[in-house]
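Structure record follows, encoded as structure tokens.
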Amino acid sequence: MAEPRKIIIDTDPGQDDAAAIMLALGSPEELDVLGITTVAGNVPLSRTSRNARVVCELCGRPDVKVYEGAERPLLRQLITAEHVHGKTGLDGPVVDEPVMKVQDQHAVDFIIETILSHEAGTVTLCTLGALTNIALALQKAPDIAPRVRELVMMGGGFFEGGNITPAAEFNIYVDPDAAKIVFASGIPIVMMPLDVTHRVLTYKSRVEKIRAIGSRPAVAMAEMLEFFERFDIEKYGSDGGPLHDPTVIAYLLRPELFKGRDCNVEIETASELTVGMTVVDWWQVTGRKHNAKVMREVDDQGFFDLLTERLARL
Ligand code: RIB
Ligand code: CA
């Protein structure tokens, strides 16, 4: 068995972030979670940091180190998404307040120190929220860029458009300036856009399979999904909601579940109409340098089978 892949999860939990964290912690043979770094996004930083620790304790993993990061975007005012995730950001299950503490070190310094202290090309960044922490780390220590193995991110959209505006997906929209820095960094990026995540829907049958596992983390996850999906069911009239963030972790575990291509991706940061848009040169018409592997297709049943199987291990 190969060595587990070393990852840092940068996140703004969020029920779908929680599913991603659970998927990662349910896969210790393949993934070594060096730390979880939190960022403001779905809800303010104090809540995303609380929620990350709630999820770790739900998984019986109070040993996981959680580091607090940016409480607002680089330049813009913070926007949040309580309308989707509820006031706590983790509405759905009744949970205990976390006992585990956040680490003293700032998330940005943890990211820098971890990348510089590990052999080049061995640390993977998994981003599930705005890219503010990553951009700050790159600004503070540009020499980390060539040392990062890969940055697998949930964010953006192209054929599917946006979800917070007609043009922009939430994670990019919250901090488009950070996204611009990250996409220009030269770090190998794998992008999981709405084009993929809108195909992984939490059908009732899928949520019931998760609840039927019967464990505390699995039942809590089913309750999170039932709350989280109501907004998207209403908005899209779909059976279930898109389970965005765990696609990032699933890619690390079973990349063959996904299909996409190397593209150039640029970020709109100026136009008020389309700020936060990921302009994906899918048809290769600009000749601009490829800076991301953009995913467009997913085996959604294979994804849910993997998620359910790993949740059962917690
Ligand atoms: O647009 C979906 C993304 O925004 C997901 O990561 C969700 O958790 C929110 O952060
Ligand atoms: Ca998220």
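Remark: the THR88-LYS65 segment gains 6.2 nm on full extension, using 0.36 nm per residue and subtracting the alpha carbon distance.
Mean-square fluctuations from a GNM of the chain, with a 10 angstrom spring cutoff on Cα atoms, peak among ASP232, ASP63, ASP16 at ASP63.
Of the trypsin sites (Lys or Arg not before Pro) found in segment 203-296, those in coil by DSSP whose Cβ has at most 13 other Cβ atoms within 10 Å are ARG288, LYS289.
Using the Cβ-Cβ distance between ASP262 and LYS140 with R0 set to 30 Å, the FRET efficiency from 1/(1 + (r/R0)^6) comes to roughly 0.55. Excluding the sites themselves, what is the longest stretch of the chain that contains no chymotrypsin sites (Phe, Trp or Tyr not before Pro) in a DSSP loop with at most 13 other C-beta atoms within 10 Å? It runs 1-158. Applying a DSSP loop filter and a limit of 11 other Cβ atoms within 10 Å to the GluC sites (Glu not before Pro) in segment 258-300 leaves GLU272.
Return the Rg/Rh value of segment 189-282, two decimal places, where both radii are evaluated on C-alpha atoms and Rh is the Kirkwood radius.
With Rg and the Kirkwood Rh in hand, the quotient comes to 1.05.
The mean of 1/r over all distinct Cα pairs in the chain, once inverted, gives the Kirkwood hydrodynamic radius of 19.0 Å. Normalised by the number of residues in the chain, the mean separation of alpha-carbon contacts (under 8 Å, six or more apart) gives a relative contact order of 20 percent. A cut-off of 5 Å between modelled amide H atoms, ignoring neighbours fewer than 5 places along the same chain, links THR11 with THR37, THR38, VAL39, LEU128.
As a proxy for reagent exposure, MET277, MET192, MET100 were ordered by neighbouring Cβ count within 10 angstrom, fewest first; the result is MET100, MET277, MET192.
In the distance distribution for segment 50-160, Cα-Cα pairs more than 26 Å apart total 28 percent. Dividing the radius of gyration of the alpha carbons in segment 254-300 by their Kirkwood radius gives 1.07 for Rg/Rh.
The HN-Hα couplings worked out from phi for segment 13-21 by the Karplus form 6.51 cos²θ - 1.76 cosθ + 1.60 (θ = phi - 60°) are x, x, 5, 6, 4, 4, 5, 5, 5 Hz, whole numbers, x standing for Gly and Pro. Sequentially through segment 60-73, phi angles give Karplus couplings (6.51, -1.76, 1.60; θ = phi - 60°) of x, 10, x, 7, 5, 8, 10, 10, 7, x, 6, 8, 7, x Hz, Gly and Pro residues having no value and appearing as x. For the residue pairs LYS140/LYS180; LYS6/LYS259; LYS6/LYS65; LYS180/LYS289, the alpha carbons lie more than 19 Å apart in LYS6/LYS259. Close amide H partners of VAL200, meaning residues 5 or more places away or on another chain with modelled amide H under 5 Å apart, are LEU243.
Cut-off 10 angstrom, C-alpha nodes, Gaussian network model of the chain. Which of GLY276, GLY92, GLY41 fluctuates the most? Result: GLY92 has the largest fluctuation of those listed.
Close amide-amide hydrogen proximity is noted between LEU31 and ARG5, each under 5 Å apart and 5 or more residues distant or on a separate chain (H modeled in the peptide plane; Pro and chain starts excluded). Couplings 3J(HN,Hα) for segment 229-238, derived from phi with the Karplus relation 6.51 cos²θ - 1.76 cosθ + 1.60 (θ = phi - 60°), are 6, 4, 5, 6, 4, 4, 6, 9, x, 9 Hz, where x marks Gly and Pro. Going through segment 97-205, which GluC sites (Glu not before Pro) have at most 15 other Cβ atoms within 10 Å and a DSSP loop state? Counting only loop positions with at most 15 other Cβ atoms within 10 Å, the GluC sites (Glu not before Pro) in segment 97-205 are GLU119.
Can you compute the label reach from LYS204? Point 7 Å from Cα along the Cβ direction, backbone N cut-off under 18 Å, restricted to segment 217-243. Answer for this model: 222-242. Specify the residue with the greatest mean-square fluctuation among ASN264, ASN133, ASN51, computed from a Gaussian network of the chain linking alpha-carbon atoms under 10 Å apart. It is ASN264. Taking a straight line from the alpha carbon of LYS204, these lysines sit under 23 Å away, with near neighbours fewer than eight places off in the same chain left out: LYS235. Projected label points at LEU273 and GLN103, each 7 Å from Cα along the beta carbon direction, are separated by 4.5 nanometres.
Throughout, read-outs are computed from the coordinates displayed, never taken from laboratory work. Not measured: the values here are computed from a predicted model. Neighbour counts run over all protein chains shown; Cβ positions are idealised from the backbone, glycine included.
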